[in-house]
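Below you'll find the structure, written out as structure tokens, and then a few comments.
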Amino acid sequence: MSDQPEVSGAVRILPAGVRLTVHSGESIVDAVRRHGYRTRYCCRRGGCRACKADLVEGQVRYPVPVAESVLSAEERAAGKCLPCRARPEGEVVVRLSEKDALTRVFGAFRPAS
């Protein structure tokens, strides 16, 4: 039995082209942070819409429903997603907004043994 979290998918962040693994139950923003990067977000609950990005490939799910006022059906149909809440289903590609950038903050987080 392994103490390592189960990898449930991966996300490639454009335009940087960085590919990151995503653990089971982890949002895209949580995976980005765990790997030592930061992107634009504020509330981490989806209400502020600061992290809204384009879902270029793949599918995401939202374990807790996202209000229509936050991410409309039209936006979803156009490929928008909320990385702070979105859980990738397999491999996904996300393009950050023009106001956003993937920033390397520190080395990948590794829990103490």
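Odds and ends about this structure:
- Backbone amide hydrogens, once placed in the peptide plane, bring Val56 within less than 5 Å of Val93, Val94, Arg95, excluding anything fewer than 5 places away on its chain.
- Available extension along the chain between Thr103 and Arg76 is 7.1 nm, counting 0.36 nm per residue and deducting the alpha carbon span.
- For region 1-89, trypsin sites (Lys or Arg not before Pro) meeting the loop criterion (DSSP other than H, G, I, E, B) and having at most 14 other Cβ atoms within 10 Å: Arg45.
- Prolate/oblate/rounded call for the chain, Cα gyration tensor, a/c under 1.5 rounded: prolate
- Hz values of 3J(HN,Hα) by residue in region 16-22 - Karplus curve (6.51, -1.76, 1.60), Gly and Pro given as x: 5, x, 7, 10, 10, 6, 10
- DSSP beta bridges in the chain [antiparallel fraction, %, rounded to 5]: 75 percent
- Max mean-square fluctuation residue, GNM over the chain, Cα-Cα springs under 10 Å, options Cys43, Cys51, Cys81: Cys43
No value in this document is a laboratory result; all are computed from the given coordinates. The model shown is predicted, which means the values in this text are computed figures rather than measured ones. Glycine also receives a Cβ, built like all others from the backbone with ideal geometry; neighbour counts cover every protein chain displayed.
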